[in-house]
Amino acid sequence: MLAPVRAQTALANLEREIAAPGAGLDRLRLVAPPFVPEVRLHLAEDAILWWARMEAAAGRSLPPPYWASVWAGGQALARYLLDHPELAAGRRVLDLATGSGLVAIAAALAGAARVAANDVDPYAVAAVTVNARANRVVVAATGDDLLDDTVSVDLLLAGDVLYDAALAERVLPFLRRAAARGAEVLVGDPDRGHLPPDRLEVVASYPVPTTEPSVDSPVRRVQVLRPC
């Protein structure tokens, strides 16, 4: 079992990593995602090596650093927001399972009135904080598990959140509840096999460069969808 990591500890660790001199595959770098060059993120050149080094330094297991890579579904969703800023402008936005915060930052750049980025990993919450700072936007990062709750927002964003069946069983009802309360819901998904048939309509499709670990293709076809 993973020992809990406090959000402030995770933030202090990431800030120390960012400030540390040196370079290498196991370091964090401030880079622009290939499909969303308007945004800069602190990402690992090799997230697996970074994870191994941080676990060795901590002397215990740490959660997988999904936030240290930029995922195809999030890139597509962020691209769609920046190309259609009217979707976020002046609205209350929630980015679910935010990871690096890419989609939340895109919403803020598109003119959202208020942006919240949610992830249960305290390192992801910390990553949102440092990445929002790097892009000079305001994003409120939260670490609560929201999936059994009902939220009240204008726009709910979910990039690459349907990556396994168990998670999809919790996420999809959450998205439906938000839509029933009047939220516009947008999902970015590279078709990992857990999309519900006939319940989502495609609003955009992109060939997205892949940068996440262990991919078998340099480009993935990613759809942006909404409930129908």
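Normalised by residue number, the volume inside the convex hull of the Cα atoms of region 126-228 is 137 Å³ per residue.
For the chain, the longest principal axis of the C-alpha atoms and the axis of helix 122-134 are separated by about 90°.
Summing charges over all other residues whose Cβ lies under 12 Å from the Cβ of Ile48, with Lys and Arg as +1 and Asp and Glu as -1, gives -4.
Sorting 10-21, 182-193, 91-102 by their mean Cβ neighbour count within 10 Å, with the most densely packed peptide first, gives 91-102, 182-193, 10-21.
Among residues other than Asp149 whose Cβ falls under 14 Å from its Cβ, what is the net charge (Lys/Arg +1, Asp/Glu -1)? Once all neighbours under 14 Å are counted, the net charge is +1. Summing +1 for each Lys or Arg and -1 for each Asp or Glu, what net charge is found among the other residues whose Cβ lies under 14 Å from the Cβ of Arg221? Neighbourhood net charge equals -1.
So what is the relative contact order of the chain, in percent, for Cα pairs below 8 Å that sit 6 or more residues apart?
Computed value for the chain: 19 percent relative contact order.
For the chain, the longest principal axis of the C-alpha atoms and the axis of helix 165-180 are separated by about 50°. Counting only DSSP beta bridges with both residues in the chain, the antiparallel share comes to about 50 percent. The sum of -39500 (n - 2.57) across all DSSP H runs of n ≥ 4, divided by the residue count of the chain, sets its helix-only mean residue ellipticity at 222 nm to -10000 deg cm²/dmol. Dipole magnitude for the chain: about 460 debye, using +1 per Lys or Arg Cβ and -1 per Asp or Glu Cβ, origin at the Cα centre. To the nearest 10 degrees, how steeply does helix 72-83 sit against the main Cα axis of the chain, on a 0 to 90 scale? Taking Cα atoms only, the helix is inclined about 60 degrees.
Values quoted throughout were computed directly from the atomic coordinates according to the rules given, and no laboratory measurement underlies them. Computed from a prediction, not measured in an experiment: that's the story for all the values here. Cβ: placed from backbone, ideal geometry, glycine included. Neighbour counts: every protein chain shown.
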